[in-house]
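Below is one structure, written out as structure tokens; the observations come after it.
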Amino acid sequence: QVQLVESGGGLVQPGGSLKLSCVASGFAFSMWRMSWYRQAPGKERELVASITSTGDSTNYADSVKGRFTISRDNAKSTVYLQLNSLKFEDTAVYYCKKPFWEGWGQGTQVTVSS
């Protein structure tokens, strides 16, 4: 069955960086576009970034463009999200997502605080 395991979150000061990882299993990872979402307290889950199956094209939410970078390693069935220049408003639980699968991983908490 499909499984997504996110990691790499933590507590970071404004302006800091983190690199999130999502290890996928249970499906042909290299054939699927993958995405990162986040959900801040009291807010709906929102799309942050997505990447094509080959990694040749990426898209970002306006709020993170120029600060976050999505990438993938198909040999490791892993998708990454590099978070730079973090802001207070980036505080959220971050999830990776496979299309056409209703489930979610456990997510990884990112907290930006001074």
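Tabulated values for the structure
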| quantity | calculated |
| --- | --- |
| Nitroxide proxy distance, nm - points 7 Å out along Cα→Cβ at Phe88 and Ala28 | 4.8 |
| The range 1-47, Rg to Rh (Cα coordinates; Rh as Kirkwood inverse mean 1/r) | 1.03 |
| Derived scalar couplings ³J(HN,Hα) [the range 37-54; Karplus, 6.51 cos²θ - 1.76 cosθ + 1.60; whole Hz; x for Gly, Pro] | 10, 9, 9, 8, x, x, 10, 6, 5, 10, 6, 9, 7, 9, 9, 5, 4, 8 |
| Reachable lysines, given that their alpha-carbon falls under 27 Å from the alpha-carbon of Lys76 and they are not under 8 places away in the same chain | Lys19, Lys65, Lys97, Lys98 |
| Built amide H within the under 5 Å cut-off of Arg72, gap 5+ | Tyr80 |
| Radius 13 Å from Cβ of Leu18, net charge of other residues (Lys, Arg +1; Asp, Glu -1) | +2 |
| Gaussian network model of the chain, Cα within-10 Å springs - most flexible of Lys98, Lys65, Lys19 | Lys65 |
| Net charge over other residues, Cβ less than 11 angstrom from the Cβ of Asn84 (K, R count +1; D, E count -1) | +2 |
| Percent RCO, i.e. relative contact order, over the range 39-114, from Cα pairs under 8 Å lying at least 6 residues apart | 23 |
| Relative intensity, log₁₀ I(q)/I(0), of the range 62-114 from a Debye sum that treats every alpha carbon as a point, q = 0.31 Å⁻¹ | -1.27 |
| For the chain, built as a Gaussian network whose Cα springs stay under 10 Å, the top-fluctuating residue of Asp73, Asp56, Asp90 | Asp56 |
| Fraction of accessible area attributable to carbon and sulfur, the chain (%, probe 1.4 Å) | 49 |
| The chain: most fluctuating residue of Val93, Val48, Val79 per GNM, C-alpha cutoff 10 Å | Val93 |
| The chain: translational diffusion in µm²/s, Stokes-Einstein, Kirkwood Rh over Cα pairs, 37 °C, 0.692 mPa s | 235 |
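The values are calculated or read from the model by the stated rules, or taken from the named source; none is laboratory data. Remember, it's a predicted structure, so these values are computed and weren't measured experimentally. We place every Cβ from the backbone using ideal geometry, glycine too, and count neighbours over all the protein chains shown. These area figures cover heavy atoms from the full protein model, side chains too; ligands, DNA and RNA do not enter into them. Shrake-Rupley method; radii C 1.70, N 1.55, O 1.52, S 1.80 Å.
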